[in-house]
1. Give the calculated FRET efficiency between residue 391 and residue 332 to the nearest 0.05, with a Förster radius of 25 Å applied to their Cβ-Cβ distance.
2. How much length would be gained if the chain were fully extended between residue 352 and residue 249, taking 0.36 nm per residue of separation minus their Cα-Cα distance, in nm to one decimal?
3. Once a ≥ b ≥ c are taken as the square roots of the eigenvalues of the Cα gyration tensor of region 212-255, is the result rounded (a/c under 1.5), prolate (a/b larger than b/c) or oblate (a/b not larger than b/c)?
4. Using a simple spin-label model with points 7 Å from Cα along the Cα→Cβ vector, what separation in nm is obtained for residue 187 and residue 310?
5. Expressed in nm to one decimal, what extension gain is obtained for the pair residue 227 and residue 278 from 0.36 nm per residue of sequence separation less their Cα-Cα distance?
6. With a 1.4 Å probe and all protein chains kept in place, how do 284, 203 rank by accessible area, largest first?
7. Assuming 0.36 nm per residue, please report the length gained on full extension of the stretch residue 292 to residue 325 beyond their Cα-Cα distance.
8. For region 158-317, state the semi-axes of the equivalent ellipsoid (square roots of 5 times the eigenvalues of the alpha-carbon gyration tensor), sorted largest first and rounded to whole angstrom.
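The values are calculated or read from the model by the stated rules, or taken from the named source; none is laboratory data. Predicted model, so just to flag it, every value in this text is computed and none were measured. Cβ sites come from the backbone with ideal geometry, for glycine too, and all protein chains shown count toward neighbours. Please note that ligands, DNA and RNA were not included when accessible areas were found on the heavy atoms of the full protein model with its side chains. Shrake-Rupley method; radii C 1.70, N 1.55, O 1.52, S 1.80 Å.
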Amino acid sequence: MELSAVHELPRKDILTEWWSEVKENFWEQDARPHMKQLLKELMHRTLVEEIEQMRRRDVVAETPIVSRNGYYRRSLITHLGTIPDIRVPRLRTGRFQTTVFRRYRRCERLVEDLIREVFLAGVSTRRVGAAIAALLETTISSSSVSRITRSLDAHVRRFHHRSLLDEYQYLILDGIRLKVLYNGKYRTRTVLVAYGITLFGQRVLLDFRQAKGEAQTAWEALLNSLYQRGLLGAHLKLIVMDGSAGLRAAAELVYPEAKIQRCWVHKLRNVANACPKKHHACVRQARTIYLAANRVQAQAAFQRWKQAWCTRCPKAVACLEQDLEDLLSFFACPVAHRIKVRTTNAIERSFREVRRRTNVFSCFSNPASTERIIYAILTHLNQGWKDAPLSGFTQF
């Protein structure tokens, strides 16, 4: 019994170890080189057959028959790695249009799709080449990576113009400042972002727009775009924002029926700036207001806080009191929703990923690259959220 127990190994472990050896030894050392050689031969035979088809068409059409002029050699990066020295037929007159690869392209379409997917997954442009090289055992120039990622421009345009369903109950708006190279000079640009939560608890980064600042006209352009594409606001309960006057004016113009919720994080920063550092307890105690169980208790907490600090920090008290109504709007929402809609932290966390990418190169090289990279990050986040709705937000 003991001897049989020694020889009896877990089936799962045996299969896992065996398959790893197959992948490492058979595929990398045996199968992959043969597959590359077969693919190279298939490409060459296809090119020759295409030339012969052209000759046969010329015979039938009684036109001058194309004449060959030897071969030229080129390489192609494929999903198996680089296929070198592909013999491509050359003609004496005209150009040979082959279906094997596109003219002037050094990468197979599948490889280009892979590069775009790696970029969309959040890898910086400079590191895409290294990531692909590790996968395909070949090098891809930075210019090739840039050219392929530029093809995302069409995807960006579709993202900005796609139709939206009128199913959003919360809209969170905020902006992030980035450095962009304009005509040889670094300029600070603001990227306005709209984040929505649907009736089903689905989180979606709806759109973004580059602007010079957070003026009313800039926010109006973004919100009007959302409205015209289908987000009419029939189910909109709250619009969460910071203290931007331009943003508030734009929101009230486009979605006049929605209530405004001022972000508590931004407001407490303002309160901290309005009181001496020695009175940091003033800010800490102000948090008891939004942590109250309901609106009545929150108002009572504010009165206690005001009475305690109105003498020592009058400017801080006035700063909070003037926006108290908007700061308490979230108490009209279900308890499970409140922690998500009393601040703009949802966008701030998304911006954290943007900053992680931009910290690598300190600034964007141009507005178009800004669009591509932000689109890539937002798309990556949206895909990750697709199957992970917020708990407690579903109405059905």
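1. 0.80
2. 34.4 nm
3. oblate
4. A separation of 4.8 nm, rounded to one decimal place.
5. Using 0.36 nm per residue and subtracting the Cα-Cα distance, I get 13.7 nm.
6. The ranking, largest first, comes out as 284, 203.
7. Taking residue 292 through residue 325 to full extension adds about 10.4 nm, to one decimal.
8. So the three semi-axes of region 158-317 are 33, 23, 12 Å.
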